[in-house]
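First comes the structure, then the notes that go with it.
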Amino acid sequence: MALIVQKYGGTSVGSPERIKNVAQRVARWKAKGHKVVVVVSAMSGETNRLIALAREVQPEPDARELDQMVSTGEQVTIGLVAMALKQIGVDARSYTGPQVKILTDSAFTKARILSIDEHNMRADLDAGRVVVVAGFQGMDADGNVTTLGRGGSDTTGVALAAALKADECQIYTDVDGVYTTDPRIVPNARRLKTVTFEEMLEMASLGSKVLQIRSVEFAGKYKVKLRVLSSFQDEGDGTLITFEEEENMEQAIISGIAFNRDEAKITVQGVPDKPGIAYQILGPVADANIDVDMIVQNAGVHGLTDFSFTVPRNDYARARKLIEEVQKHIGAKELIGDDRIAKVSIVGVGMRSHCGIASKAFRALSEEGINIQMISTSEIKISVVVDEKYLELAVRVLHDAFDLAHEPA
Ligand code: ADP
Ligand code: ASP
Ligand code: MG
């Protein structure tokens, strides 16, 4: 007998029929003698709908009140899933995040889980019940409802699995595993049987939304066995996220291509090339809690240099205003902004031991006439910024260049 946490995403609970399917799957695992905790997202589209509704009332919604209302999407689905289970004779009980006592910090809309009280869940599981928990939400020390950031139900699933020391955390979604890239963009993308935590962390942080990055961090930290599967198929092993050291099969050099449209670029031209300039430019941006991603500064010519950086597209307008102020102080010549850029990244642990990956990627892009605006690299990834209109082409070209549709020989 095992303890399994199953997380179902928005599409998987998107209609009464699908909710009934979820109940059937849970019942099958239960019938095999396993203890099952189910974590659910809101029905697909619901979270977006709620956020849009909030914006109609307050264009920049108050973060506490936004969490209060956006968290209701998941409250609907836990009730429905518990009902669907009871309807087929499986005893179940639903809990919101606060009812479980998922304690978070108070960073509304992007709260972090601090602790989980497993007492109620254990009691239900021991009494033979399925426990159904709302994903994406928790409660801070003052009793305020908080949410965990978009895609946060993945993190609830993994965090519950860690707290309950579950044998496996299964993430059921609308694709049957982690692919070499988003199969909606590249139809011949290939499902990976396994992917290392390190690679999954990079892919998630670089934009692959199949798993929220914090869920991967949690799984790595607490050694949770994590698997991505389809809720629309009865068979299949999905993709297992593995620790590299366990991996003895031949490792591909490149595992996948991630991309992110949510990017904008700001360039300050003609900046005096002297100590303290990077701090003067980026200090106010950091103080405004805006995440800076890539940073590029050119070598100075005649005492002047250019300085570029990227920020999330949502923060572009705010960042630009701040830099307009900075520009006056430091006497920079010009400010250029672009919120129609995208980032494409090649990820693979095998890059560590192979050279020539970057040049192969750059060549493939140049053959399609795609201009690279910025580059950043780490041991296991290469990212480039391109014009948003070339994003899908760039992803396809790189997928082909590294022959990712075929299993490595
Ligand atoms: P859920 O609602 O189940 O949480 P998401 O929409 O958050 O589902 O994540 C699943 C989606 O992630 C897929 O439909 C797919 O379009 C997208 N995706 C992006 N990159 C990948 C990838 N490398 N492998 C699989 N899916 C990916
Ligand atoms: N419903 C939330 C969202 O759409 C959380 C999730 O689906 O994981 O972001
Ligand atoms: Mg998701």
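Residue count for the stretch 190-204 under the criterion of being surrounded by fewer than 22 Cβ atoms within 10 Å (Cβ to Cβ) and either part of a helix (DSSP H, G or I) or within 16 Å of ligand 2 (Cβ to nearest atom) (or both): the result is 3. Within the stretch 1-50, being assigned to a loop (DSSP other than H, G, I, E, B), farther than 15 Å from G135 by Cα and touching a strand residue (DSSP E or B) at 6+ places or on another chain (Cβ under 6 Å) holds for one residue alone: H34.
Within the stretch 205-220, the set of residues being free of Cβ contacts under 8 Å to residues at least 24 places away in the same chain and either within 16 Å of ligand 2 (Cβ to nearest atom) or more than 17 Å from K381 (Cα to Cα) (or both) comprises I213, E217, G220. Kindly indicate whether any position in the stretch 177-187 is within 15 Å of ligand 3 (Cβ to nearest atom), among the hydrophobic types (A, V, I, L, M, F, W, C), part of a loop (DSSP other than H, G, I, E, B) and closer than 19 Å to K7 by Cα. Yes; the residues of the stretch 177-187 include at least one that is within 15 Å of ligand 3 (Cβ to nearest atom), among the hydrophobic types (A, V, I, L, M, F, W, C), part of a loop (DSSP other than H, G, I, E, B) and closer than 19 Å to K7 by Cα.
Checked against the criterion of being surrounded by fewer than 16 Cβ atoms within 10 Å (Cβ to Cβ), among the acidic types (D, E) and either touching a Ser or Thr at 6+ places or on another chain (Cβ under 8 Å) or farther than 28 Å from M1 by Cα (or both), the candidates D105, D140 yield just one match: D105. Every condition in (1) modelled with pLDDT under 95; (2) aliphatic (A, V, I, L, M); (3) touching a helix residue (DSSP H, G or I) at 6+ places or on another chain (Cβ under 7 Å) is met by A264 except one, and the failing one is (1).
Only one of the listed residues (R28, R18, R55) is within 24 Å of the chain's Cα centre (by Cα), of a type outside the set (A, V, I, L, M), over 22 Å from F218 (Cβ atoms) and exposed (fewer than 15 other Cβ atoms within 10 Å of the Cβ). That residue is R55. The residue pairs whose first member lies in the stretch 148-174 and is within 11 Å of K225 (Cβ to Cβ) and in contact (Cβ under 8 Å) with a residue 24 or more places away in the chain, whose second member is more than 8 Å from ligand 1 (Cβ to nearest atom) and of a type in the set (G, A, S), and whose beta carbons are closer than 6 Å, counting only pairs six or more residues apart or on different chains, are V158/S215; V158/A219; D167/A2; C169/G157; C169/A161. Contact map, the stretch 1-29: residues that are within 15 Å of ligand 3 (Cβ to nearest atom) paired with residues that are of a type in the set (D, E, K, R) and not in a helix (DSSP H, G or I), Cβ distance under 7 Å, separation 6+ or inter-chain. Pairs shown: G9/D174; T11/D174; S12/D174.
Scanning the stretch 213-224 turns up one or more residues that are more than 16 Å from ligand 3 (Cβ to nearest atom) and not in a loop (DSSP other than H, G, I, E, B).
The values are calculated or read from the model by the stated rules, or taken from the named source; none is laboratory data. All of these numbers come straight from a predicted model, not from anything done at the bench. Neighbour counts are summed over all protein chains in view; Cβ atoms, including those assigned to glycine, are modelled from backbone coordinates with ideal geometry.
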